[in-house]
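One structure is given here, and the rest of the page talks about it.
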Amino acid sequence: LKHASVPSFLRWVLVWQKGYQEFDSIISSVTTKVKGIAVTNDSHLGFRVWDVADYVIPPQEELSFFVMTNLIMTRDQIQAQCPEVPDDSSKCTSDSNCTAGFSDVHSSGIQTGRCVNFNETVRTCEVQAWCPLEINGVNDSEPALLKAADNFTVLIKNNIRYPKFNFNKRNILPNISSTYLKTCIFNRQTDPYCPIFRLGDIVHEAGEDFQKMAVEGGVMGIQIRWDCDLDKSDSKCVPTYTFRRLDNKNPNNNVAPGYNFRFAKYYKTPDGVESRTLIKAYGIRFDVMVFGRAGKFNIIPTLINVGSGLALLGLVSMF
């Protein structure tokens, strides 16, 4: 029994656990390029053509990219006085309900101390702020304004290195030509090594609905794994891609869902007054995560693992 166990144990250590190899962790860099055109025509923004400079914000990020899919746009804001957006703390009936100089983290500006008409039925405290104020709910409904974003594509360029073995490779594999790269789209069955991905396919592979996700935004993970046996041909070292949603979408805990942020574009009017267009951008942030480990034969770990295995079997045989 003892002698029969030796080959099996060594096979497990050396073959299945690759005990004959030394290993190295991956070093990686990632760049992305999104492409796509969308056309919208609604009552708030009118007819508009959107290109990559409009919806990828900022133009470049480290290991991620953001695609705007929905927005609230407030044009022609200037520094002025205007009624605060109604809520429990801003509604008023007289000036005595408003405190000059007061603000909190939920305020749109600094109260002037005056109670003014917000509309025909509601009065709120006046604020010094960027006016007119943003009104939530504009374009904040299904379908998302940039629903065509599911057909946008992203080229992901991933360069990897295993420094211990002086091994370098990129996900644009040597057999990929310029002609192929201009026409291919990643498909797990037909084009598993194409580095160009349709955004709708990424979300779909994660088991999500792009159009629903586009309304309030979210966070997707693009996982690239390089597990390489460098005792084999370099051509066998290829990436595998998987996708998953990273942000919380628990229906029982849906407070502050999705992903959004605000930014502004600033201008000067002909008479020198500063103005801005405020945009509350909803969208999907794609985080690119690269994992991997490479192994290559080395006599030292081979001898150590064989010796350790034989010693362990000898110790077991004593009992």
Quiz item: Which members of region 69-103 meet the condition of being among the acidic types (D, E), assigned to a loop (DSSP other than H, G, I, E, B) and under 17 Å from E134 (Cβ atoms)?
Solution: E84, D87
Quiz item: Identify, please: which residue in region 32-68 is of a type in the set (S, T, N, Q) and more than 13 Å from the chain's Cα centre (by Cα) and is, among those, surrounded by the most Cβ atoms within 10 Å (Cβ to Cβ)?
Solution: T40
Practice problem: Give me the pairs, please: first residue somewhere in region 44-69 and among the polar types (S, T, N, Q) and at pLDDT 95 or above, second residue anywhere and open to solvent by 20 Å² or more (accessible area, probe 1.4 Å) and in a strand (DSSP E or B), beta-carbon distance under 7 Å, and either six or more positions apart or on two chains. | Solution: S64/R285; S64/D287
Quiz item: Looking at N175, N187, N166, N119, which is the one that is under 27 Å from T277 (Cβ atoms) and either surrounded by fewer than 20 Cβ atoms within 10 Å (Cβ to Cβ) or among the aliphatic types (A, V, I, L, M) (or both)?
Solution: N119
Practice problem: Look at T99 and say whether it is in contact with a Gly (Cβ under 7 Å, 6 or more places away or on another chain), within 30 Å of R225 (Cβ to Cβ) and either open to solvent by 80 Å² or more (accessible area, probe 1.4 Å) or β-branched (V, I, T) (or both). | Solution: no
Practice problem: May I ask you to verify whether G113 is open to solvent by less than 40 Å² (accessible area, probe 1.4 Å) and at positive phi? | Solution: yes
Quiz item: Of these, A149, A80, A129, A144, which one is under 20 Å from S275 (Cβ atoms), of a type in the set (A, V, I, L, M) and crowded, with 19+ Cβ neighbours inside 10 Å?
Solution: A129
Exercise. Quickly run through region 208-227 and pick out the residues that are open to solvent by 10 Å² or more (accessible area, probe 1.4 Å) and either under 28 Å from I26 (Cα atoms) or among the acidic types (D, E) (or both).
Key: E208, D209, E216, V219, Q223, R225, D227
Quiz item: Are any residues in region 257-278 at pLDDT below 95 and open to solvent by less than 20 Å² (accessible area, probe 1.4 Å), and if so, which ones?
Solution: none
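The values are calculated or read from the model by the stated rules, or taken from the named source; none is laboratory data. Note that this is a predicted model, so its numbers are computed, not measured. So basically every Cβ, Gly included, is an ideal-geometry build from the backbone, and we count neighbours across all protein chains shown. Each accessible area value is taken on the protein alone, full model and side chains, heavy atoms only, with ligands, DNA and RNA left out. Shrake-Rupley method; radii C 1.70, N 1.55, O 1.52, S 1.80 Å.
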